[in-house]
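Visitor: Please read through the structure below; I'll follow up with questions.
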Amino acid sequence: MRVIQGTSNRGLAKAISERSGNKPIITDIKRFPDGEIYCRSLEPIDGEDVVIVQSTYPDNNALEALILAALAKDLGARSVTGVIPYFGYARQDMVFNEGESFTARTMARHLQLSMDNIVCVNLHKENTLEQFNDVRSSVNISVMGEIGTFLKELDVDFILSPDKGAVGYAREVAEFANCGFDNLEKTRIDGKTVKMAPKELDVNGKIVAIVDDIIATGGTILRAQETLREQGAKKVYACCAHGLFTDGGIERLSPVLDGLYSSDTIENPTSEISAAGPIVEYLMTILG
């Protein structure tokens, strides 16, 4: 197994190489002045099981993933496995309004043209894997165990998900953090505004962590931490698999939280947790 480090997740790709005991494939990946991508492998990879670590967000990273996968095939790789730390367009996982694109399916169709195996991390919806219908294997890896272990070291007493849809994440994290969990009742008004319904929680004097798969603008986290503070929480952390932090999310959240953490699926200043462990564990089962 040899790893190609895409430009979106160099730190995670390096960690995967080190954990698997393999040196990454030396490449030359750059952009021309007009923005087009140039990809070249500087060593032979024919007959190798190649693992490409590259997110598909934003759009330029998606194109890089497609080019790297096709390159590996063209150079005679025995197999190509795409590790997609953050799957762009995962939230467009169905047709919500007549006439719009089913973009998650479109992405899957293109990725599987040159990929034999697909490894995703905490997809927004598990059923997105069904769109990879022409590969040897596809899997949705979770980093919630790693998040739970991390939060246990912070002496967290309680795990909270911002809505019922994410309560499964809270349950998984709480199992590793060895504490209780619950969820708030959330209604989304628009892309930046959410409404939290009142709900009594046993958080008075406790250290609480809000857990979700994605933090984007941070509107949900802002309202959730306000509810927790009102009910007497001693400290409030927020933690997620994918730290998008759009529209100044980090700057908006950091002043009101006691800690803001994410995994390295999207590398940013809050990336304190690595997805490398569960990814390598799975890769070893399919590639040895």
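Visitor: Filter segment 28-53 down to the residues that are aliphatic (A, V, I, L, M), closer than 16 Å to ASP74 by Cα and either within 26 Å of the chain's Cα centre (by Cα) or loosely packed, with under 10 Cβ neighbours inside 10 Å (or both) and list them by number.
Guide: LEU42, VAL50, VAL51, ILE52
Visitor: So for segment 139-153 (the condition being part of a strand (DSSP E or B) and either exposed (fewer than 15 other Cβ atoms within 10 Å of the Cβ) or out of contact with any Asp or Glu (no Cβ under 7 Å at 6 or more places or on another chain) (or both)), does at least one residue qualify?
Guide: yes
Visitor: Would you tally the residues in segment 248-269 being among the polar types (S, T, N, Q) and closer than 18 Å to LYS152 by Cβ?
Guide: 2
Visitor: Right, another one. Residue pairs, Cβ under 9 Å, 6 or more apart or interchain, first in segment 80-101 and in the same structural domain as ASN127 (by TED's automatic domain parsing), second surrounded by fewer than 19 Cβ atoms within 10 Å (Cβ to Cβ) and assigned to a strand (DSSP E or B). List them.
Guide: Correct list of pairs: THR81/SER137.
Visitor: Continuing with the same structure: Tell me which of these ILE45 doesn't satisfy, since it passes every other one: (1) within 26 Å of ASN140 (Cβ to Cβ); (2) in contact with a Lys or Arg (Cβ under 9 Å, 6 or more places away or on another chain).
Guide: (1)
Visitor: A follow-up question, please. Please indicate, with yes or no, whether at least one residue in segment 148-160 is touching a strand residue (DSSP E or B) at 6+ places or on another chain (Cβ under 8 Å), more than 29 Å from GLN225 (Cβ to Cβ) and in contact (Cβ under 8 Å) with a residue 12 or more places away in the chain.
Guide: There is no residue in segment 148-160 that is touching a strand residue (DSSP E or B) at 6+ places or on another chain (Cβ under 8 Å), more than 29 Å from GLN225 (Cβ to Cβ) and in contact (Cβ under 8 Å) with a residue 12 or more places away in the chain.
Visitor: Same structure again: Just the residues that are touching a strand residue (DSSP E or B) at 6+ places or on another chain (Cβ under 7 Å) and part of a loop (DSSP other than H, G, I, E, B), please, taken from segment 19-49.
Guide: Within segment 19-49, ASN22, PRO24, ILE25, PHE32, LEU42, ILE45, GLU48 meet the criteria.
Visitor: Next question. Is there a residue being under 22 Å from ILE147 (Cα atoms), buried (at least 20 other Cβ atoms within 10 Å of the Cβ) and at pLDDT below 90 anywhere in segment 196-203?
Guide: No - not one qualifying residue is present in segment 196-203.
Visitor: Please state which one of GLY219, GLY249, GLY259, GLY243 is surrounded by 24 or more Cβ atoms within 10 Å (Cβ to Cβ), of a type outside the set (A, V, I, L, M, F, W, C), assigned by TED's automatic domain parsing to the domain that holds LEU154 and touching a strand residue (DSSP E or B) at 6+ places or on another chain (Cβ under 9 Å).
Guide: GLY243
Visitor: Tell me which residues, restricted to segment 54-99, are crowded, with 24+ Cβ neighbours inside 10 Å and within 21 Å of SER271 (Cα to Cα).
Guide: Passing the criteria: GLN54, SER55, THR56, VAL83, ILE84, PRO85, TYR86, PHE87.
The values are calculated or read from the model by the stated rules, or taken from the named source; none is laboratory data. Note that this is a predicted model, so its numbers are computed, not measured. Counting neighbours? That spans all protein chains shown, and the Cβs are built from the backbone with ideal geometry, glycine included.
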